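Everything on this sheet refers to the single structure shown next.
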Amino acid sequence: MSFLHSLARTKTIEQSIADAAEPGHQLKRSLSAWDLMILGVAVAVGAGIFSVGARAAGDFAGPATTLSFVLAALTCALAIMCYAEFASSIPVAGSAYTYTYATLGEFLAWIIGWDLILELLTAAAVIAKYWGIYLAAVFDLFDVHIPTTIGVFGLAMDWGPLFIVAVFTALLVQGTKLSARVNNVFTVIKVGIVLFVIVVGFTYLRVENFTPFIPPSAPTAGTDADVWSQSLFSWATGAVPAKYGVAGVLSGAALVFFAFIGFDVVATSAEEVKDPQKTLPRGIFGGLALVTALYLLVSLALTGMVPYTVLAAAENPSLATAFIAVGAEWAAQVISVGILVGLTTVIMVLLMGLARVLLAMSRDGLLPRWLSVTSDTRRTPVRLQVLCGVVVALLAGFTRVEILEEMINIGTLSAFVLVSIGVVVLRRKRPDLPRAYRVPFVPVLPIASALLCFYLMLNLTTLTWVRFAVWLAAGMVIYFAYGRRRSRVGRQRP
């Protein structure tokens, strides 16, 4: 087999399904459509709903941040259609990695799997870090004086992230269904808090704050000479960095897309879903619809409460900024508790998704096979789950991982691009394949999804792209040094 041909070797869908049933490496199907919908809401409704919208309104789009959310939701919906078709046809763990392996070949599958690891690992560590920060804020709120940072061997350690990651790692080891039940309770609580914030926010709404709806474009002060903080699109085209206007709405969409990450994580649970052909599309679309409605209502309440200039003047604008500005400090306190509760379930779902992607890659031999061993009794990937928990806890507890926040977006968007393209490829290669859900208007919608996702990627900073390139280079080294030679698909072919 030639070198280039080996990079394009694919894994058949039948082989993927057979590998998922391999004794000692299989997962238990226990999740319902309701569980999936709540998983999607759990991972999407976190700190993003309380902070990202305020940053988008103040720094990029003004009241038109609502349009930024609509554009981000539309982009996510197009990509999720593609995920739903794949998940109903290939109901095994691995999400975009598995789908790419079946359509675009092993090398691109490795790249997208490596991107998913970037997305989920970084997201879990960043969210765990923020959980520790908001834990300290809640302690101050209730006048509890417990230090959240302690010294360990001369290093500053945030014990909050280590604690919450350890709790959910232990819970996930016990079984996915038990974890889902705990997740359901927390998610209902935080959705209730979000609804409370929306209702209270609308009581302070003033219609004049929506004018101008799209503020006139203005140059971004102090960044015209800063190459690294510009979007790649601005840098490549020589455009002067600007905020507001139509460009600001688009940049806001790239930022608030962070609030929609997680629905691809739901697809990683395909192997643990009962009747996946029907359950997966229902659960994914139900979760996305609920989250989009919440985000739009929050953004309307936020930009209607105070002029966008108030948010722009704040160093770290959030929903609390708006409530404090209208004299409702007590609501800001509720928001602090809501953020802590909201972040809790996000961490659990991300830890689960990370382990499932690594499970699929190790089951294929691209990573060590021993990682994919599952428990005989609970059929959970105990080794992987513990390993993921340890790495995430160390990153969150001992590093400034929050500076890598944009890496989450670029990892997610790159996966969306390849999954969208993969739908078109699979329709051509396997038109006979049973599909419980079919993306309408193929190839138009999948191509539109890929282009929109790529455009949002171009609106991320040049520094993010450089870090992304370094991550990809490290992944290629691992693939050519280990994965390509150990691939089960490669060994099964002459």
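Some notes on this structure:
- Principal axis box of the chain, alpha-carbon based, largest edge first, Å: 70, 50, 46
- Relative to the dominant Cα principal axis of the chain, helix 47-56 is inclined by about 60°.
- Full extension of the chain between T237 and I150 yields a length gain of 26.6 nm, computed as 0.36 nm times the residue separation minus the alpha carbon distance.
- Loop sites by DSSP among the chymotrypsin sites (Phe, Trp or Tyr not before Pro) of the chain, restricted to those with at most 16 other Cβ atoms within 10 angstrom, leave 229-440 as the longest stretch without any of them.
- Computing FRET efficiency as 1/(1 + (r/R0)^6) for D432 and A18, where r is the C-beta to C-beta distance and R0 is 22 Å, gives about 0.75.
- Principal-axis analysis of the Cα atoms of the chain puts helix 276-305 at an angle of about 20° to the longest axis.
- Linear extension gain, D226 paired with F139, 0.36 nm per residue minus alpha-carbon span: 27.5 nm
- The modelled label-to-label distance between T309 and S30, using points 7 Å beyond Cα along the C-beta direction, is 5.7 nm.
- Stokes-Einstein diffusion of the stretch 342-494 at 25 °C, 0.890 mPa s viscosity, Kirkwood radius from Cα pairs, rounded to a whole number: 133 µm²/s.
- Inter-probe distance in nm under a simple model that places probes 7 Å from Cα toward Cβ, at Q333 and V391: 4.2
- With N counted as the residues of the stretch 208-288, its alpha-carbon radius of gyration over 2.2 N^0.38 Å works out to 1.66.
- Working from label points 7 Å from Cα in the Cα-to-Cβ sense, the A166 to S217 distance is 5.3 nm.
- Förster-model FRET efficiency, 25 Å R0, L4 and I447, C-beta, rounded to 0.05: 0.50
- Here the alpha carbons of the stretch 145-195 define both size measures, Rg and Dmax, at 15.2, 44 Å.
- Relative to the current alpha-carbon distance between R206 and Y455, full extension at 0.36 nm per residue lengthens the span by 86.2 nm.
- Principal axes of the stretch 72-129: Cα extent on each, largest first, Å: 36, 29, 18
- Which listed pairs, of K129/K177; K278/K429; K177/K429; K28/K278, have C-alpha distances above 28 Å, in listed order: K177/K429
- Near L118, once Lys and Arg are set to +1 and Asp and Glu to -1 for all other residues with Cβ below 12 Å from its Cβ, the sum equals -2.
- Degrees separating the helix 329-363 axis from the principal Cα axis of the chain, which is the longest one: 10
No value in this document is a laboratory result; all are computed from the given coordinates. All values derive from a computational prediction rather than experimental measurement. In this analysis, Cβ positions are derived from the backbone assuming ideal geometry, glycine residues included, and neighbour counts consider all displayed protein chains.
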